[in-house]
Amino acid sequence: MDSIVVKGGGTLSGQIPIAGAKNACLTLMPACLLSEEPLTLTNAPRLSDIRTMTELLRSLGAEVTSMQDGQVLAMSCHGEINTRAEYDIVRKMRASNLVLGPLLAREGHAEVSLPGGCAIGARPMDIHTDSLVLMGADIDLRDGYLHAKAEGGKLKGAVIDFPFASVGATENIMMAATLAKGTTVINNAAREPEIVDLADCLRAMGAQIDGDGTSRIEIQGVDGLHGATHRVVTDRIELGTYMLAPAICGGEVELLGGRINLLQAFCEKLDAAGIDVTETDKGLKVARRNGMIQAVDVTTEPFPGFPTDLQAQIMALLCTAEGTSVLEEKIFENRFMHAPELIRMGADIDVHGGTATVTGVKKLKGAPVMATDLRASVSLILAAMAAEGETKVSRVYHLDRGYEHVVAKLRGVGANIERIKEQ
């Protein structure tokens, strides 16, 4: 397995282009199953998770062509559909469960393996399956597969009250409802920008959707959807990650394509910590104010709150802040696995259940560390960029799932970083 070696010290300067959103693209791709006409996505990120979803869609009978160095995905699902999503593919990635709704909507039946993904806590499928049952589906779990069949071969509209604002369930039910008979209402729906992006794409395909971006989404089912071309929204998690690089190391970096409204709560925490974020014609410019970083308390929440996918990264920043910060993880359990690795670099972190108390130290020190999941891996790289000496981050294959060309992007603004191929 590859590793990344970072030599800390030095400030950053320059520009970093921000890719299309991984979480949005992985949701948009299964939408091609809803129509016999082509769906083309532009501004697609070049990531291993995108390749996994491509593999899954092809196994279901879709044609997927990657163009312009992977930044354009042309998909067509006009032939015979295979409605069984196999374990060998689905186990690689949590987002694979997003084929369930579209397959049920189009074909009236599906067999989908329970998904895999990062080991960041339980993320059950109950809210997905319970909602589809309300829409007239009969679902049975056998041999690790969800066997789903729509009554009469077609889903029907329903009023669905989510117990919590699940992003994945909102996306799955939105897609399923586009071809259902009647009207579907999702109460307590997720409000993330990726939800709005999916709604924009589905509307471009002929769906009737209102209320996306709010907690109540209404979908009027239609007889069929047509093809469309859609640009994937900017990746707000990649954006936030790279915004932290100059915050941790000093200097000034412009994030091309960034927008404050994608990360309002995150930007407010940066401001409180002593980081200036200003909008430019091309994106966002980030620079540390004079003096030390100030401690801030962070609680992860569904959008528009502070994103759980930026909790590990801001912890790296707060390791050298002046004072003590308290981070509460409210979305996933078991998401502080990066803390022991930061402690190996000299951080003062105390974890109790879903709360981490971080007391700032003057300087982190380079050390061999191991990545445990996607966001944890990049937090270790950020910490290493400001640490004294050399840090070797192992098991960085997680990075390839969510960050394209991370070494090149950071090296382009002055970081001393390289990827080492292990024999």
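Determine, yes or no, whether Gly360 is touching a helix residue (DSSP H, G or I) at 6+ places or on another chain (Cβ under 8 Å), surrounded by fewer than 24 Cβ atoms within 10 Å (Cβ to Cβ), more than 14 Å from Ser3 (Cβ to Cβ) and among the small types (Gly, Ala, Ser).
On the way: touching a helix residue (DSSP H, G or I) at 6+ places or on another chain (Cβ under 8 Å): yes; surrounded by fewer than 24 Cβ atoms within 10 Å (Cβ to Cβ): yes; more than 14 Å from Ser3 (Cβ to Cβ): yes; among the small types (Gly, Ala, Ser): yes.
Yes; evaluated as a whole, the condition is true for this residue.
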So, in the range 38-61, of the ones that are part of a helix (DSSP H, G or I) and in contact with a Lys or Arg (Cβ under 7 Å, 6 or more places away or on another chain), which residue ends up surrounded by the most Cβ atoms within 10 Å (Cβ to Cβ)?
Asp49
With the requirement that a residue be under 25 Å from Leu202 (Cα atoms) and either open to solvent by less than 20 Å² (accessible area, probe 1.4 Å) or free of Cβ contacts under 8 Å to residues at least 24 places away in the same chain (or both), what does the range 240-271 give you?
Gly258, Asn261, Leu262, Leu263
Within the range 272-303, tally of residues that are surrounded by 16 or more Cβ atoms within 10 Å (Cβ to Cβ) and part of a loop (DSSP other than H, G, I, E, B):
6
Mind checking whether some residue in the range 396-416 is open to solvent by less than 10 Å² (accessible area, probe 1.4 Å), farther than 21 Å from Glu329 by Cβ, modelled with pLDDT of 95 or more and part of a strand (DSSP E or B)?
no
Restricting to the range 67-105, name every residue that is touching a strand residue (DSSP E or B) at 6+ places or on another chain (Cβ under 6 Å) and in a strand (DSSP E or B).
Val72, Leu73, Ala74, Met75, Ser76, Arg84, Ala85
With the requirement that a residue be over 23 Å from the mean Cα position of the chain (by Cα) and surrounded by 15 or more Cβ atoms within 10 Å (Cβ to Cβ), what does the range 62-81 give you?
Ala62, Ser76, Cys77, Ile81
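The values are calculated or read from the model by the stated rules, or taken from the named source; none is laboratory data. Values in this document were obtained by computation on a predicted structure and should not be read as measured data. Glycine also receives a Cβ, built like all others from the backbone with ideal geometry; neighbour counts cover every protein chain displayed. Just so you know, the surface numbers come from the protein's heavy atoms only, side chains and all, with ligands and any DNA or RNA stripped out. Shrake-Rupley method; radii C 1.70, N 1.55, O 1.52, S 1.80 Å.
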